[in-house]
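*Asks:* One structure, as C-alpha cells, below. Some questions next.
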Amino acid sequence: MDKISVVGLTLGIAALIMGQVIEGGHIASLLQPTAFLIVIGGTLGAVMLQSPLKVFREGMRMTRWVFVPPPASHAALIRQATSWSQIARKEGLLALEAQIPRISDSFTRKGLQLLVDGVEPQRLREVLEVEIDAWAAQMRQGARIWEAAGGYAPTLGILGAVLGLIHVMENLTDPSKLGAGIAVAFVATVYGVGFANLVFLPMSKKLMAYVADGVSQREMLVDGLVGIANGDNPRIIESRMQGYIA
C-alpha cells in the first residue's frame with residue numbers, strides 16, 4: 001500500500017471539509033448528487049469518447065497503482081543478473097536455459113531467451129529497447145486518460161453551474177426551489193475543480209512516475225544482459241546496474 005497516496009488524498013479532502021466548517025458552512029451542503037453526476041459522468045464520457053477501448057481499459061487498470069504500486073525489483077534484478085553472469089562464465093550461455101522456466105516476467109524471459117540463443121549484444125539491445133519503447137508508449141497513453149480527465153472536469157463543473165443557474169432562472173417565481181438550484185450550481189464547480197486538482201491530475205503524474213521507473217528497471221536489465229553477452233566480469237555488471245538505482 002502506498003501510504004503517501006492515502007495520506008495525501010485524505011489530507012486534501014479533510015482540508016476542504018475543515019475549510020467549509022471553519023467558515024460556518026455545513027458539510028451536507030457539499031453533498032449534491034446532481035452535481036456529482038454531471039461532473040463525474042460527463043468527465044467519464046468525455047474520456048471514453050477520446051480514448052480507444054484498449055487505452056481506456058489500460059488506464060483504468062493502472063488506477064490501482066496509485067495505492068498499490070507495481071513491485072520495484074531493481075535489487076532483485078541485480079542479484080539475478082549477477083547470478084546469471086556467474087553461471088555463464090563458468091558453464092557457458094547455454095547453461096542459462098534452465099533458468100528460463102523459473103521466470104514469470106515476460107520481458108525478462110524474452111531477454112534471457114535471446115541471450116541463450118546467442119544473439120549479438122548490440123542486436124540484443126536493439127530488440128529489447130524496441131519492446132521497452134512499445135511498453136512505455138502503451139503505459140503513458142493509459143496514464144494520460146487521467147490527465148485528460150483533469151482537463152475535462154473543471155469544464156464540466158462550469159457546465160453543471162450553468163445548468164444549475166438555468167434551473168434557478170426557471171423557478172424565480174418559486175423561492176422554495178431557488179436554494180437547490182444555486183447549490184447545484186456552485187457545488188458542481190467545486191466538484192469539477194476539486195476532482196481535477198486533488199484526484200485526476202495527481203493520479204496522472206504518479207502513474208507517469210511509475211512508468212518511468214518501469215522503463216528504468218527494464219533498461220537496467222538490458223544493460224545487465226548485454227554485459228553477460230559481452231562476457232563482462234560479474235562485478236562490473238553488478239556495479240553498472242547499480243548505477244540505475246537513485
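*Asks:* With the requirement that a residue be more than 12 Å from Ile78 (Cβ to Cβ) and β-branched (Val, Ile, Thr), what does region 219-246 give you?
*Replies:* Of region 219-246, the ones more than 12 Å from Ile78 (Cβ to Cβ) are 219, 222, 225-226, 228-233, 236, 246.
Those that are more than 12 Å from Ile78 (Cβ to Cβ) and β-branched (Val, Ile, Thr): Val222, Val226, Ile228, Ile236.
*Asks:* I would also like to ask the following. Give the residues of region 35-68 that are within 23 Å of Ala209 (Cβ to Cβ) and open to solvent by less than 40 Å² (accessible area, probe 1.4 Å), sorted by residue number.
*Replies:* The answer is Thr43, Val47, Ser51, Val55, Phe56, Glu58, Gly59, Met62, Thr63, Trp65, Val66.
*Asks:* Next question. Out of region 60-75, which residues are in contact (Cβ under 8 Å) with a residue 40 or more places away in the chain and assigned to a loop (DSSP other than H, G, I, E, B)?
*Replies:* Of everything in region 60-75, those that are in contact (Cβ under 8 Å) with a residue 40 or more places away in the chain and assigned to a loop (DSSP other than H, G, I, E, B) turn out to be Phe67, Val68, Pro69, Pro70, Ala72, Ser73.
*Asks:* Kindly provide the set of residues from region 216-239 that are of a type in the set (A, V, I, L, M) and under 19 Å from Glu126 (Cβ atoms), ordered by number.
*Replies:* Let us first name the residues in region 216-239 that are of a type in the set (A, V, I, L, M), namely 220-222, 225-226, 228-229, 236-237.
Those that are of a type in the set (A, V, I, L, M) and under 19 Å from Glu126 (Cβ atoms): Met220, Leu221, Val222, Leu225, Val226, Ile228, Ala229.
*Asks:* Within region 228-246, take every residue that is in contact with an Asp or Glu (Cβ under 9 Å, 6 or more places away or on another chain) and open to solvent by 20 Å² or more (accessible area, probe 1.4 Å) and give me the one that is nearest to Arg109 (Cα to Cα). First the steps, then the outcome.
*Replies:* Of all residues in region 228-246, those in contact with an Asp or Glu (Cβ under 9 Å, 6 or more places away or on another chain) come to 229, 237, 240-241, 243-244.
Subsequent filtering for residues that are open to solvent by 20 Å² or more (accessible area, probe 1.4 Å) retains 229, 240, 243-244.
Working: Ala229: 15, Arg240: 21, Gly243: 23, Tyr244: 21 Å.
Once the filter is applied, the top-ranked residue is Ala229.
*Asks:* What single numbered condition from (1) at pLDDT below 90; (2) closer than 30 Å to Ile228 by Cα; (3) open to solvent by 30 Å² or more (accessible area, probe 1.4 Å) fails to hold for His74?
*Replies:* It fails just one condition, (3).
*Asks:* Continuing with this model, one more query. Among the residues of region 101-145, which ones are open to solvent by less than 80 Å² (accessible area, probe 1.4 Å), in a loop (DSSP other than H, G, I, E, B) and either over 12 Å from Val226 (Cα atoms) or among the hydroxyl-bearing types (Ser, Thr, Tyr) (or both)?
*Replies:* Ile103, Asp105
*Asks:* Condition first: under 30 Å from Gln242 (Cβ atoms) and either part of a helix (DSSP H, G or I) or of a type outside the set (S, T, N, Q) (or both). Can you find one or more residues in region 167-179 that meet it? It would help to see each step written out before you state the result.
*Replies:* Step one: list which residues in region 167-179 are under 30 Å from Gln242 (Cβ atoms), which gives none.
Checking region 167-179: not a single residue is under 30 Å from Gln242 (Cβ atoms) and either part of a helix (DSSP H, G or I) or of a type outside the set (S, T, N, Q) (or both).
*Asks:* Let me ask something additional. It is to be established whether one or more residues within region 165-180 are open to solvent by less than 30 Å² (accessible area, probe 1.4 Å), farther than 17 Å from Val55 by Cα and modelled with pLDDT under 80. Lay out the reasoning, then the answer.
*Replies:* Step one: list which residues in region 165-180 are open to solvent by less than 30 Å² (accessible area, probe 1.4 Å), which gives 168, 171.
With the extra rule that they be farther than 17 Å from Val55 by Cα, the set shrinks to 168, 171.
This time we only want the ones that are modelled with pLDDT under 80, so: 168, 171.
Yes, the conditions are met somewhere in region 165-180.
*Asks:* Among the residues of region 10-35, what is the count of those that are under 18 Å from Ala153 (Cβ atoms) and under 24 Å from the mean Cα position of the chain (by Cα)?
*Replies:* The qualifying residues number 2.
To keep it simple, each residue is scored yes or no on (1) open to solvent by 20 Å² or more (accessible area, probe 1.4 Å); (2) in a helix (DSSP H, G or I); (3) basic (Lys, Arg).
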site: Tyr191; (1), (2), (3): yes, yes, no
site: Lys205; (1), (2), (3): yes, yes, yes
site: Ala209; (1), (2), (3): yes, yes, no
site: Ala212; (1), (2), (3): yes, yes, no
site: Gln217; (1), (2), (3): yes, yes, no
site: Leu221; (1), (2), (3): no, yes, no
site: Val226; (1), (2), (3): no, yes, no
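*Asks:* Here's something else I'd like to know. Any idea which of (1) in a helix (DSSP H, G or I); (2) open to solvent by 50 Å² or more (accessible area, probe 1.4 Å) is the one Gly157 doesn't satisfy?
*Replies:* It fails just one condition, (2).
*Asks:* Of these, Thr189, Thr173, which one is within 30 Å of Leu9 (Cβ to Cβ) and polar (S, T, N, Q)?
*Replies:* Working: Thr173 fails: within 30 Å of Leu9 (Cβ to Cβ).
Only one candidate qualifies: Thr189.
The values are calculated or read from the model by the stated rules, or taken from the named source; none is laboratory data. Note that this is a predicted model, so its numbers are computed, not measured. Every residue, glycine among them, receives a Cβ derived from its backbone with ideal geometry; neighbour counts consider all protein chains shown. Just the protein is used for accessible areas: all its heavy atoms, side chains included, with ligands, DNA and RNA removed. Shrake-Rupley method; radii C 1.70, N 1.55, O 1.52, S 1.80 Å.
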